[in-house]
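Chemist: Take a look at the following structure, please.
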Amino acid sequence: GRIYYEQYSMKKTKIIFFGTPDFAVKSLKVINDNFDVVSVVTSPDKKSGRGLKMNESEVKSFSSDNNIPIKQPENLTNEDFLNEISSLGAELFIVVAFKKLPKEVFSIPALGTINLHASLLPDYRGAAPINWVLINNERITGVTTFFINEKIDHGDIILKQEILINDNDDFKSLYNKLSVIGSEVLLKTIKIVSSGKAKIQKQGDSKDLNLAPKLNARNTKINWNDNTDKILGMIRGLSPRPGSWTTLKNGDKEIRVKILKASLSSRRSFSESSIGKVLINNNQIHIYTKDGVINCTKIQLENKKEMLAKDLLNGYKFYDNSIVY
């Protein structure tokens, strides 16, 4: 009732924050500035790079710098871990860019567990919403806060915020914008949930919803039989990471390359035999599609730094070669 919620509004809500990548850091900072973050739960450190050095998450780095207690459980249902987080007395759990939480975890706090998702739910449920809205050439996206339940990205919605997608946006720029907007919406969400004034909305289900599945080698490979707009959307939506890729012939060798930036060179129809042809023109790499020509301006070879097409052409020749399917 009212008395139960008023006691939360008169003091700083105690929160445990779950998150890993830099996308979550802006939210963590805002929450830490306004509430009592009693602990952060983040992924265990991972070995990466040539020297297999242990790398800690961006959320862990921020937490260390700001003296926030850190937990890095290998198993979220471990009894000791569950007892530890239960004993901290947090009224609310916040999740931003973290793995699926089991019911044993999300059911602990009195006020519930809230997730920030980088799309306008129920559209683009899944692991990679920012990538997929760009791949699909959407004009509008946004963020959603919702209460976590047992089905991924299906919980009751608390708040939504829309933004327009700019023609020049790629994954990196949209990711940065949504991390800022997400932190602001999350702050509003926590305030209304802590005061007991949240008006929740059930998520609808429809066959027409877009999904945002995890990215892999198959769904990030460019299909040059697609139309030009779809290919350009894919390049934007996967740049700079993980990068849309294709395989070019360089003499007798096949070279896997990521195309990180491209533009429409011309729009006209071509025969099937022209699709995937590579034309070098004025130090530019042009590739034919069925309804246009794409100018690939920024490219990255495997295990190399990204470079401009004109610089790549100093060491590689692709004259009259075709895409390898």
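Chemist: Taking only pairs six or more apart or across chains, which ones have beta-carbon atoms under 6 Å, a first residue in the range 138-161 that is under 14 Å from Lys202 (Cα atoms), and a second residue that is in a strand (DSSP E or B) and among the charged types (D, E, K, R)?
Modeler: What qualifies is Thr144/Lys160; Asp153/Arg125.
Chemist: Do the conditions hold for Glu104, that is, is it surrounded by fewer than 22 Cβ atoms within 10 Å (Cβ to Cβ), in a strand (DSSP E or B) and touching a Ser or Thr at 6+ places or on another chain (Cβ under 8 Å)?
Modeler: For Glu104, the condition - surrounded by fewer than 22 Cβ atoms within 10 Å (Cβ to Cβ), in a strand (DSSP E or B) and touching a Ser or Thr at 6+ places or on another chain (Cβ under 8 Å) - is not met.
Chemist: Has the range 225-245 got at least one residue that is in a strand (DSSP E or B) and either of a type in the set (A, V, I, L, M, F, W, C) or open to solvent by 40 Å² or more (accessible area, probe 1.4 Å) (or both)?
Modeler: Within the range 225-245 (the criterion being in a strand (DSSP E or B) and either of a type in the set (A, V, I, L, M, F, W, C) or open to solvent by 40 Å² or more (accessible area, probe 1.4 Å) (or both)), the answer is yes, since at least one residue qualifies.
Chemist: Further question on the same structure: Kindly evaluate Trp224 against the criterion of being more than 30 Å from Thr145 (Cα to Cα), of a type in the set (Phe, Trp, Tyr) and under 22 Å from the mean Cα position of the chain (by Cα).
Modeler: For Trp224, the condition - more than 30 Å from Thr145 (Cα to Cα), of a type in the set (Phe, Trp, Tyr) and under 22 Å from the mean Cα position of the chain (by Cα) - is not met.
Chemist: Continuing with this model, one more query. Quick check, is Gly126 touching a strand residue (DSSP E or B) at 6+ places or on another chain (Cβ under 8 Å), of a type outside the set (S, T, N, Q), under 30 Å from Met234 (Cβ atoms) and open to solvent by less than 40 Å² (accessible area, probe 1.4 Å)?
Modeler: Taking the combined requirement at face value, the residue satisfies it.
Chemist: Looking at Ser173, Ser183, Ser206, which is the one that is open to solvent by less than 20 Å² (accessible area, probe 1.4 Å) and either of a type in the set (Asp, Glu) or out of contact with any strand residue (DSSP E or B) (no Cβ under 6 Å at 6 or more places or on another chain) (or both)?
Modeler: None of the other options fit; the residue is Ser183.
Chemist: Can you tell me which residues in the range 150-169 are closer than 19 Å to Leu92 by Cα, in contact with a helix residue (DSSP H, G or I) (Cβ under 8 Å, 6 or more places away or on another chain) and assigned to a loop (DSSP other than H, G, I, E, B)?
Modeler: Answer for the range 150-169, where residues must be closer than 19 Å to Leu92 by Cα, in contact with a helix residue (DSSP H, G or I) (Cβ under 8 Å, 6 or more places away or on another chain) and assigned to a loop (DSSP other than H, G, I, E, B): just Glu150.
Chemist: Which one of Ala110, Ala118, Ala90, Ala97 is touching a residue at least 12 places away in the same chain (Cβ under 8 Å) and surrounded by fewer than 20 Cβ atoms within 10 Å (Cβ to Cβ)?
Modeler: Every option except Ala110 fails the conditions.
Chemist: Moving on to the next point. Hey, can you tell me all the residues within the range 77-95 that are within 16 Å of Thr42 (Cα to Cα) and either of a type in the set (S, T, N, Q) or touching a Phe, Trp or Tyr at 6+ places or on another chain (Cβ under 7 Å) (or both)?
Modeler: Thr77, Asn78, Phe93, Ile94, Val95
Chemist: Here's something else I'd like to know. So which of Leu187, Leu215, Leu279, Leu209 ends up being at pLDDT below 95, of a type in the set (A, V, I, L, M, F, W, C) and under 27 Å from Phe146 (Cβ atoms)? Show your work before the answer.
Modeler: Values: Leu187 fails: at pLDDT below 95; Leu215 fails: at pLDDT below 95; Leu279 fails: under 27 Å from Phe146 (Cβ atoms).
Result: Leu209 is the single residue among Leu187, Leu215, Leu279, Leu209 that is at pLDDT below 95, of a type in the set (A, V, I, L, M, F, W, C) and under 27 Å from Phe146 (Cβ atoms).
The values are calculated or read from the model by the stated rules, or taken from the named source; none is laboratory data. Remember, it's a predicted structure, so these values are computed and weren't measured experimentally. Reconstructed Cβ throughout: ideal geometry from the backbone, glycine too, with neighbour counts over all protein chains shown. Just the protein is used for accessible areas: all its heavy atoms, side chains included, with ligands, DNA and RNA removed. Shrake-Rupley method; radii C 1.70, N 1.55, O 1.52, S 1.80 Å.
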